[in-house]
Amino acid sequence: MVARRLLGQILISDVNGRRVAGRIVETEAYVGPDDPACHGYRARRTRRNASLFGPPGTAYVYFTYGMHWCLNAVTEAVGFPAAVLLRALEPLTGFATMRRRRGDVPDRALCSGPAVRDPSRQRRAIIVTPRVGISRAADWPLRFLIAGSPWVSR
């Protein structure tokens, strides 16, 4: 499953010459048109969720609750709306840029909510839990996180 395999990978962003990077420590899977918490539930396609129906690897980014930008990686074939939400990262580089972008938040909150392979390929214990912050299908065990990471969301 992609959500599990993304844990430990490094996400790098280069915007306007400012590089930031973090290790993915928490993900959530949204598994398609039969998942009532997925934005592609019942295969409803809108202007907002159109990229969710794109090819694997497409970034599906949306603004939610009037305050959060969410980054998802599309995981299935064109036309099948499934993706993995990147819920939290362990910040690695670019702390000053992250602080400017996020404002006055504790370092632990800098990365809560284009990857490259983790060069260490270190094995990490993974915990599987129900998804959080949603009202539909919240009890489905599709949230994955690295055990013991202080960077995962609460």
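Numbers for the structure displayed
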read-out: Charge sum, other residues only, whose C-beta stays under 10 Å from Ser112's C-beta, Lys/Arg counted +1 and Asp/Glu -1; value: +3
read-out: Average accessible surface area per residue within the chain, 1.4 Å rolling probe, Å²; value: 58
read-out: Built amide H within the under 5 Å cut-off of Gln9, gap 5+; value: Ile24
read-out: Per-residue ³J(HN,Hα) for the stretch 142-154, Karplus 6.51 cos²θ - 1.76 cosθ + 1.60, θ = phi - 60°, Hz, x for Gly and Pro; value: 10, 10, 10, 8, 7, 4, x, 6, x, 9, 5, 6, 6
read-out: Heavy-atom accessible surface of the stretch 1-85: percent carbon and sulfur, 1.4 Å; value: 55
read-out: Amide hydrogen neighbours beyond the local backbone of Thr75, cut-off 5 Å, H modeled; value: Gly57, Ala82, Ala83, Val84
read-out: Under 5 Å, built H, 5+ apart or other chain: amide partners of Leu89; value: Val25, Cys111, Ser112, Gly113
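The values are calculated or read from the model by the stated rules, or taken from the named source; none is laboratory data. Computed from a prediction, not measured in an experiment: that's the story for all the values here. Because the Cβ atoms are built from the backbone with ideal geometry, glycine has one as well, and the counts that use them run over all protein chains shown. Areas reflect the complete protein model, heavy atoms only, side chains present, ligands, DNA and RNA absent. Shrake-Rupley method; radii C 1.70, N 1.55, O 1.52, S 1.80 Å.
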